[in-house]
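This report concerns only the one structure given below.
The values are calculated or read from the model by the stated rules, or taken from the named source; none is laboratory data. Fair warning: this is a prediction, and the values are worked out from it, not measured in the lab. Cβ atoms come from the backbone with ideal geometry, glycine included; neighbour counts cover every protein chain shown.
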Amino acid sequence: MKKNVNEFRDLSELELDKKVVDLKQELFNLRFQLAVNQLDNPMRIKAVKKQIAIIKTIQRERQLASAVSVREA
């Protein structure tokens, strides 16, 4: 999982936004598959939710860092 975090940190804000949208779509599809009993790997839901949380955390860290740098300037 540490490798994924570092890969996400290397992405730009636009790429992170697109990744979140893609992951949310995947999560929707996984939940739909779960509802109709066609989901092969239920642990994938947990993994996707964790990836979304990691990306949102990175975005928030960047937002706070930019707010601090603006305040110091």
TODO: Sort out which residues of region 7-28 are farther than 25 Å from Asn41 by Cα and loosely packed, with under 13 Cβ neighbours inside 10 Å, and write them in order of number.
DONE: Asp10, Ser12, Glu13, Leu14, Glu15
Task: Residue check, Ile54 in a helix (DSSP H, G or I), modelled with pLDDT of 95 or more and touching a Leu at 6+ places or on another chain (Cβ under 8 Å) - done: no
